[in-house]
Amino acid sequence: MGRYSVKHLTLWALLAALALGLSTLDGILPLSALLPLPGVKLGLANIVTLFALYVSGAPAALAILTVRCVLGAVFAGNASALLFSLLGGFCAMGAMILARRSGGLSVFGVSLCGAAAHNAGQIAAAMIVLGDTAVVGYLPFLLLLSLVTGSLTGLIVSRLLRAAVYLPLS
């Protein structure tokens, strides 16, 4: 069958579907009522991405991230959101891969690096779309928020990883 087993491909497809569902849920949560900042989300799909990085490795996590971003934009009919999703997601994934390989950080530290890099990537996307650097002033607020979202993601993934020890994934 090639390099990957049917079990692995099935797991990755399920994780991609879960990430897409969580991303959709994230989009409908009324978080703007609590924080009236444009584009603020909990980043629930990042739970799946970080979990996939630890359980299946970087290539699978990148594939799951890409599928989620592309299908999310297609299903939402919002092509402009694709740039924000991909740039934020790839920056986050790159930071998480590097942070994990450093060996000195827990899943919380890796998650926080990913959350901060995601926000930086989205600011970069906004600068591309708007053709203006004024949006950089929004970054400190997003980075503060990434402490909360990154910690939440790290907490959930650390619990999932403990539970995954009992799953026959290999």
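The values are calculated or read from the model by the stated rules, or taken from the named source; none is laboratory data. Here the structure is a predicted model, which means the values were calculated and not measured. Using ideal geometry, Cβ is built from the backbone for each residue, glycine included, and neighbour counts are taken over all protein chains shown.
Residue pairs whose Cβ atoms lie under 7 Å apart, separated by 6 or more positions or on different chains, with the first residue in segment 130-148 and surrounded by 13 or more Cβ atoms within 10 Å (Cβ to Cβ) and the second modelled with pLDDT under 90, are Phe141/Leu37; Leu145/Val40. Answer yes if at least one residue in segment 31-42 is touching a Pro at 6+ places or on another chain (Cβ under 9 Å), of a type outside the set (Lys, Arg) and part of a helix (DSSP H, G or I), and no otherwise. Yes - at least one qualifying residue is present in segment 31-42.
Of all residues in segment 48-65, those satisfying the criterion of being of a type outside the set (A, V, I, L, M), out of contact with any His (no Cβ under 9 Å at 6 or more places or on another chain) and in contact (Cβ under 8 Å) with a residue 24 or more places away in the chain are Thr49, Phe51, Tyr54. Within segment 47-99, the only residue that satisfies the criterion of being within 15 Å of Ala117 (Cα to Cα), within 11 Å of the chain's Cα centre (by Cα) and of a type in the set (Phe, Trp, Tyr) is Phe90.
Restricting attention to segment 4-26, the residues that are surrounded by fewer than 16 Cβ atoms within 10 Å (Cβ to Cβ) and aromatic (Phe, Trp, Tyr) add up to 1. Can Leu169 be described as surrounded by 10 or more Cβ atoms within 10 Å (Cβ to Cβ), modelled with pLDDT of 90 or more and either within 19 Å of the chain's Cα centre (by Cα) or at negative phi (or both)? For Leu169, the condition - surrounded by 10 or more Cβ atoms within 10 Å (Cβ to Cβ), modelled with pLDDT of 90 or more and either within 19 Å of the chain's Cα centre (by Cα) or at negative phi (or both) - is not met.
Among the residues making up segment 48-66, those that are more than 22 Å from Ile123 (Cβ to Cβ) and among the β-branched types (Val, Ile, Thr) are Val48, Val55, Ile64.
For Gly114, the conditions (1) under 24 Å from Gly103 (Cα atoms); (2) surrounded by fewer than 16 Cβ atoms within 10 Å (Cβ to Cβ) are fulfilled apart from (2).
Of the listed requirements (1) over 23 Å from Ala13 (Cα atoms); (2) over 13 Å from the mean Cα position of the chain (by Cα); (3) part of a helix (DSSP H, G or I); (4) not polar (S, T, N, Q), Asp132 misses just one: (3).
Residues checked against (1) within 26 Å of Leu31 (Cα to Cα); (2) in contact with a Leu (Cβ under 7 Å, 6 or more places away or on another chain):
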site	(1), (2)
Leu83	yes, no
Leu87	yes, no
Met93	yes, yes
Arg101	no, no
Leu105	no, no
Ile123	yes, yes
Gly131	no, no
Leu139	yes, no
Ala163	no, no
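Would you mind stating whether Leu11 is more than 24 Å from Ser151 (Cβ to Cβ) and touching a residue at least 12 places away in the same chain (Cβ under 8 Å)? Here the answer is yes, as Leu11 does meet what is asked.
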